[in-house]
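Each remark here refers to the structure printed beneath this line.
Computed from the coordinates by the stated procedures, all read-outs in this text should not be read as laboratory data. Predicted, not measured: the structure shown is a model, and the values here were computed from it. Positions of Cβ are generated from backbone atoms using ideal geometry, with glycine treated the same way; all protein chains shown enter the neighbour counts.
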Amino acid sequence: MESEHFIIMVDQPFWVSWLLIYGTTLLGSLVMYLFSFSKGFDGAIEVLKRLFPEREKAFYHRLDCVLTVCLGAAVGALLFSPTNPVQAVTAGLGWVSAVNILMSNKESS
């Protein structure tokens, strides 16, 4: 028995299916990006401050969000090759989570 969301994806043209998968991966990346702030993740703001000096604080936060979410979704979609919405959300969540762990400032006990 096939799930309904897979049947919906198959009946669409390729670009529509790809757009739906990438959009769902974006959603997963955004959710994990927002959740990561409660865990102390600073993102790439320090690097952005060196690349673009003397900008407003909001500039760095907005650019960090766009870069992390869009690149995270792209890398997640390329690495995990999701074929349905559940896999796409997982790819977005997983990639941003992996970056959070790798860039975490907290020392291990």
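General remarks:
- Peptides 12-21, 67-76 ranked from most to least packed give 67-76, 12-21, packing being the mean of other C-beta atoms within 10 angstrom over each peptide's residues.
- Full-extension gain in nm, LEU78 to LEU102, via 0.36 nm per residue minus C-alpha separation: 6.7 nm
- Listed peptides 82-95, 51-64, 25-38 by packing density, highest first (mean Cβ within 10 Å): 82-95, 25-38, 51-64
- A P(r) calculated from all alpha carbon pairs of segment 16-100, with 5 Å bins opening at zero, reads 3, 17, 25, 20, 15, 11, 6, 2, 0 percent.
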